[in-house]
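For reference, the structure discussed in these notes is given below.
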Amino acid sequence: MTGGLSEFHEELRAVARKIVGRPPSALGGLEPQILDWGALADAGLLGLEVPEGLGGAGATFAEVAVVLHELGRAPGVGPYLGSTVLATAALLLSDPGPARDELLAELAVGTKMATLVLDARTTRWDGPTFSVAPTANGATVAGRAEWVLDAAGADRLLCPAQGASGPVLVEVANTGDGLVVEDRPLADGTRRVGSVAAEGSPVLAGWPLPPGAVDDLVDLAATAVACDSLGLMEAMLEATVAFAKVRHQFGRPIGSFQAVQHACADMLVTVEVSRALVAQAVDAVASDTPAEERRASVSRAKSHVGAAAVEVCGKAVQLHGGIGYTWESGIHAYLKRATLNRALFGSPIEHRRRLVRALPGSPPC
Amino acid sequence: MSSRDVTAFRSEVRRWCAEHVPADWRVRQTRASDEAYVEFQRWWFQELRHAGYAVPHWPKAWGGGMSTAEQVALYQELAAHDAPRPTLAFVAVHHAAATLLEAGSEEQQLRHLPAILDGEIWAQGFSEPEAGSDLANLRTRAARHGDVYVVNGQKLWASGAQHADWCLLLARTDPDAPKRHGISYLLMDMRSPGIDVRPVRQATGESEFCEIFLEDVEIPVANRVGPEHEGWAVAQATLNAERGMTVLELAERLWQAGFRWLLELCSIPGPGGSRPIDDMVVVDHLARFESQLVALRAMCATTVQRHDEGRSGPADASVVKLFYSELLQRMTDFGAEIAGVAGHARTDKPRSSGWESGAWVLDFIGSWEWTIPGGTSEIQRTIIAERGLGLPREPARQDR
Ligand SMILES: Cc1cc2nc3c(=O)[nH]c(=O)nc-3n(C[C@H](O)[C@H](O)[C@H](O)COP(=O)(O)OP(=O)(O)OC[C@H]3O[C@@H](n4cnc5c(N)ncnc54)[C@H](O)[C@@H]3O)c2cc1C
């Protein structure tokens, strides 16, 4: 990484932290915080990957990853993953044109939100669950998908669908015209998922989907989630260490007991291992890494960090004692989000299986 | 009791469960109000009581007297029939009863043990903001004025205190004595003036533990258990009950209900059509849990047996509590992992259920309710090392 780029990342990190971050002492609160979408837009954080000509920054996923990491450190409610990461990336894979460019420009300034209609349980895409039918004055789409991230709040839904001559990505307005989006409340109150059912919804625009495009988007999603998990565990390590220095029992800071010290030390090692794997995955996704190599990097990161974040956040609860078990401390929100992240876009078991099968010398299956 | 008798007893419990466990209790207890929860708990406890199942671990004279083998059979069948747990009576039948039986006066026993059977609800007011793991650091002050103690202070994390009729209270009666020697053990009527109970919302979203503020609360000296200033020793009886006996029931639950549901969960085909159990990794986990559960159940039975024979080892209860609580955490963690994204949409853990309810994510979060209270896992390991293995203490720990 060049010096200029890492300086840029530091600046970006500072800007993002200022908007989404909270001081560790103000962790949590009674309800999850809502992301300040206007501030994110004003700071240019919603259009990092959008071309400059369309009002974006023309940057890469490496920069988006910096923001995702910060969002993990201070999770709030907002469609950054669905809209800013996935919908934007899906549009960027599509052929330029007025409809695409207009939506990208709106996503970049936050006047519209969108999402990619993709089951969040997907590790490998099995083909579209939607299909397009031509009508007298255009086309309609029908189909259904479960567990779609950020579906309910999206103005536009981008559905991978079966078209007359292959898979296409179609844009549908979330206005109820033949379309039902149902929110599914989760134990984790900071992410939203919903089901999307379309029955003859008018297609606003459509683009052919290049082969492998959706699988690439799944990898992107998995990597984005890994960045978030890294942020979660980093924040929990910091909060726990800070707490262990000030909480006294037996006339000493609890951080002076070896049991607590060793637990914190293990948390640090786990965070650093995760950081190394996430950095490689982000690099692979942001650059032109060959698909096989990229997939391996993504699976390494997603499997390891998915599990590690649950472990570290769980330890944070434990080391905070009774306080850690209160709602108000906010630590539970990290543990719940880490547990959900572990499941999104491939569990550790699935990614480990994928990783080993992709290794050179592994027998074919 | 011979094995034949236990078999007959088991059939009796089975028949009873078939007739008495309400088929719809999970639905009724899902998102139930506090009132509906308390009413259901009171009713269910009386059902158990009339069958003779409410306090099997108490001495015969007070309405218990079951052998360990019978208790195991009882708990197995209750769990196998998905019976609700008498959660609200937990502190009363375990901690309060153990304290009264070990150290209470005859009058106190007569006053409270039958009342507990009639539904008297108890809470435990031990912990304070500055006294968690270091319980002996408690500051709540009980100043003696003739026949009463006047109590001032703050208790924290008292489970179920908002519903309690009585509270087990540790308070400092001699502020000048070394930490462990100035504490007295009191029974506090929760209707006394000066008590302010505030439920605290916990990680699972429920509000079942409470802060208790005490301002000039008068407790009759007659409600002291054991000698004045010697409450610490009495408290050990209570803490031991929490760590040891209770796990007998919970281990059978984890086995009959928790593991069974985990097996069911792993047999449901996923989005791709294959079942988790077709994967060797999942099989490996299930087999480990199974073996560990069999061991846990055997260890619990031995612990209870040794306790009844007065041969308890100094760390027996800690071994069992530590292993149970961390096994519960591992199993619910694995359940959450296998249940995946869909598991997060199960936000409807019914009240009155066990620590494993099938709402795996909430069960996993709830498992810290076993690794933190009653002596954290870290403290249990220290007890096992120091008292069980006789290792030297960590230097400069000021707890005496
Ligand atoms: C759900 C729940 C229900 C509860 N119900 C009750 C109740 O009904 N009545 C009641 O009186 N209390 C209750 N408690 C309180 C409980 O007993 C305390 O939370 C527990 O003893 C830990 O104390 P603490 O919270 O102050 O944590 P701390 O003691 O501050 O501990 C913080 C961390 O430091 C570690 N630590 C502390 N000292 C040492 C040491 N010497 N060596 C190594 N590690 C150490 C702990 O293990 C923990 O990880 C409940 C708590 C919870 C979470």
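A few points about this structure:
- Region B:29-151, relative contact order in percent, only Cα pairs under 8 angstrom and at least six apart counted: 19
- Local electrostatic count at B:Arg144 - Lys and Arg +1, Asp and Glu -1, tallied over other residues with Cβ under 13 Å: -1
- The candidates A:Thr240, A:Thr289, arranged from most to least accessible area with a 1.4 Å probe in the full protein assembly, appear as A:Thr289, A:Thr240.
- Nonpolar atom fraction for region B:2-85, defined as the carbon and sulfur part of the 1.4 Å probe accessible area, stands at 51 percent.
- Among the residues of A:323-332, the average count of other protein chain beta-carbon atoms within 10 Å of the residue beta-carbon is 5.
- Helical contribution to [θ] at 222 nm, DSSP H n ≥ 4, -39,500 (n - 2.57), averaged over chain B, rounded to 500: -14000 deg cm²/dmol
- For the residues A:Val214, A:Val77, a 1.4 Å probe over the protein chains yields an accessible-area ranking, largest first, of A:Val77, A:Val214.
- Axis angle, to the nearest 10 degrees, between helix B:106-117 and the longest C-alpha principal axis of chain B: 30 degrees.
- Taking the C-alpha atoms only, the angle from helix B:3-20 to the longest principal axis of chain B is near 90 degrees.
- Rounded to whole numbers, the Karplus 3J(HN,Hα) couplings from phi for region B:208-219 are 10, 10, 9, 8, 10, 9, 10, 10, 6, 7, 9, 10 Hz, using 6.51 cos²θ - 1.76 cosθ + 1.60 with θ = phi - 60°, and x at Gly and Pro.
- Average other protein chain Cβ within 10 Å of Cβ, residues B:360-370: 4
- Percent antiparallel among DSSP beta bridges (both partners in the protein assembly as shown, rounded to 5): 85
- In this structure, the residue pairs whose Cα-Cα separation is over 20 Å, taken from B:Lys321/B:Lys349; A:Lys336/B:Lys349; A:Lys302/A:Lys336; A:Lys315/A:Lys336, are B:Lys321/B:Lys349.
- Across chain A, C-alpha contacts under 8 Å between residues 6 or more apart give a mean separation that, scaled by the residue count, equals a relative contact order of 17 percent.
- Over region A:3-109, accessible surface divided per residue gives 40 Å², non-protein components excluded, 1.4 Å probe.
- Mean per-residue shielding of peptide A:241-253 is 3, counting Cβ atoms of other chains within 10 Å of each Cβ.
- Antiparallel content of DSSP bridges confined to chain A, in %, to 5: 85
- Nonpolar atom fraction for region B:244-400, defined as the carbon and sulfur part of the 1.4 Å probe accessible area, stands at 57 percent.
- Three-way shape label, chain B, alpha-carbon gyration tensor, a/c 1.5: prolate
- Residues with amide H under 5 Å from that of B:Asp165, placed H, sequence gap 5 or more: B:Ile121, B:Trp122
- Rounded to the nearest 10 degrees, the angle from helix B:280-308 to the longest Cα principal axis of chain B is 40 degrees.
- Structure remark: mean-square fluctuation, Gaussian network model of chain B, C-alpha springs under 10 Å; the largest value among B:Ala287, B:Ala131, B:Ala80 belongs to B:Ala287.
- Amide hydrogen neighbours beyond the local backbone of A:Ala151, cut-off 5 Å, H modeled: A:Gly194
- Residue of B:Val197, B:Val93, B:Val281 that the Gaussian network model of chain B assigns the largest fluctuation, springs spanning Cα pairs under 10 Å: B:Val281
- Highest-MSF residue in chain B out of B:Met188, B:Met280, B:Met331 [GNM, Cα springs under 10 Å]: B:Met280
- Solvent exposure, largest accessible area first (probe 1.4 Å, DNA, RNA and ligands not counted), of B:Ile183, A:Ile34, B:Ile277, B:Ile268: A:Ile34, B:Ile268, B:Ile277, B:Ile183
- Net +/- balance of residues flanking A:Arg156 in space, Cβ distance below 9 Å, scoring K and R +1, D and E -1: -2
- Relative contact order, whole percent, for chain B stands at 16, derived from Cα pairs under 8 Å and 6 or more residues apart.
- Centre-to-centre separation between the Cα atoms of region A:81-152 and those of region B:63-134: 57 Å.
- Checking every one of the trypsin sites (Lys or Arg not before Pro) in region B:44-150 against DSSP loop status and a limit of 16 other Cβ atoms within 10 Å picks out B:Arg139.
- When A and B come together, around 3700 square angstrom of accessible surface is lost from both chains combined, probe 1.4 Å.
- Helix runs (DSSP H) in chain A reaching 30 Å along axis by Cα, Kyte-Doolittle at least -1.0: A:213-246, A:258-286, A:291-320
- Accessible surface of region A:114-208, 1.4 Å probe, proportion on carbon and sulfur as whole %: 49
- For region B:145-204, the set of trypsin sites (Lys or Arg not before Pro) satisfying both a DSSP loop assignment and a count of at most 13 other C-beta atoms within 10 Å is given as B:Arg191.
The values are calculated or read from the model by the stated rules, or taken from the named source; none is laboratory data. None of the values given here were measured: they were computed from a predicted structure. For neighbour counting, all protein chains shown are included, and Cβ atoms are generated from backbone atoms with ideal geometry for every residue, glycine included. Only protein heavy atoms, including side chains, enter the accessible area calculation; ligands, DNA and RNA are left aside. Shrake-Rupley method; radii C 1.70, N 1.55, O 1.52, S 1.80 Å.
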